[in-house]
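Reading through the structure tokens given below for one structure.
Here, each number is a calculation from the coordinates, and none is a lab measurement. Quick caveat, the model's predicted, so the values are computed rather than measured. Cβ atoms come from the backbone with ideal geometry, glycine included; neighbour counts cover every protein chain shown.
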Amino acid sequence: MQQEQTFVMVKPDGVRRGLIGSIVARFEQKGFALAAIELLQIDRELAEQHYGELRQKPFFGELVDYLTSGPVCAMVWQGEHAVENARALIGKTNPVEAAPGTIRGDYAMDIAGNIVHGSDSAASAAREIGLFFGKHAAAQRMDPYAGEFGHGG
Ligand code: UDP
């Protein structure tokens, strides 16, 4: 099976509550490989582009306020069926419906503060990775043990 990449973002409430580590751990334990990670404060323009498909929704303004209310942790995770596997790990959009054991099921109470984002399709993943990681998007996973600083074996 070909490797796939997906875009995952710990939203500002997740960062504020100190959940980056727990969320990263779940992805690692599941078997994903981390391909990119960055903590960044996004501006309204990037938030609006990211959620462009929801522009007509009544909650769009609040969603952009929420996403720009503090730093986010943007990540690219790689593996087999990465998009679908990440969505399963994250759980349903509304935490009320998200099963216990999923990230939203375990850490969130309300749809407007649901902690984490995961791309909903391979096309969305490519678009979102491009938005957040630009020319680094196509980079394959770094090998932490490669190169001159590797464990000299
Ligand atoms: N959202 C919201 N109110 C709603 C529906 C969605 O605030 O009634 C927010 C919520 O943060 C959600 C995001 O908008 O994660 C994107 O919605 P989408 O339907 O794409 O869900 P997701 O793909 O995040 O599960």
message: Amide H of A36 versus every other amide H placed in the peptide plane: which residues, excluding those fewer than 5 positions away on the same chain, fall under 5 Å?
response: V76
task: Would you mind computing, in nm to one decimal, how far apart the modelled labels at A25 and A123 are, each placed 7 Å from Cα along Cα→Cβ?
output: 3.8
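Place the peptides 55-66, 36-47, 88-99 in order of packing, highest mean first, counting for every residue the other Cβ atoms within 10 Å and averaging per peptide. Let's see the in-between values first.
Numbers: 55-66: 12.9, 36-47: 14.5, 88-99: 16.7.
With the highest mean Cβ count within 10 Å placed first, the list reads 88-99, 36-47, 55-66.
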Long-range HN-HN contacts of E4 with modeled amide H, under 5 Å: G79, E80, H81, A82
- prompt: Among rounded, prolate and oblate, which fits the chain when a ≥ b ≥ c are the square roots of the eigenvalues of its C-alpha gyration tensor, a/c under 1.5 means rounded, and a/b larger than b/c means prolate?
  reply: prolate
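Over segment 3-136, what relative contact order in percent results from Cα pairs under 8 Å that are six or more residues apart? It would help to have the intermediate numbers written out before the result.
Values: 226 pairs, mean separation 50.6, N = 134.
Value for segment 3-136: 38 percent.
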query: Once every DSSP H run of n ≥ 4 in the chain is given -39500 (n - 2.57) and the sum is divided by its residues, what mean residue ellipticity at 222 nm do you get, rounded to the nearest 500 deg cm²/dmol?
result: -10000 deg cm²/dmol
message: Through the Karplus equation 6.51 cos²θ - 1.76 cosθ + 1.60, θ set to phi - 60°, convert the phi angles of segment 117-131 into ³J(HN,Hα) values in whole Hz; use x for Gly and Pro.
response: 10, x, 4, 9, 6, 4, 5, 4, 4, 4, 5, 6, 4, x, 4
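If you take the beta carbon distance between Q2 and N94 as r and set R0 to 25 Å, what does 1/(1 + (r/R0)^6) give as a FRET efficiency, to the nearest 0.05?
On the way: r = 32 Å, r/R0 = 1.27.
Step by step, r from the Cβ atoms, then E = 0.20.
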message: Using amide H atoms built in the peptide plane, which far-off residues or other-chain residues are under 5 Å from I42 H to H?
response: V72
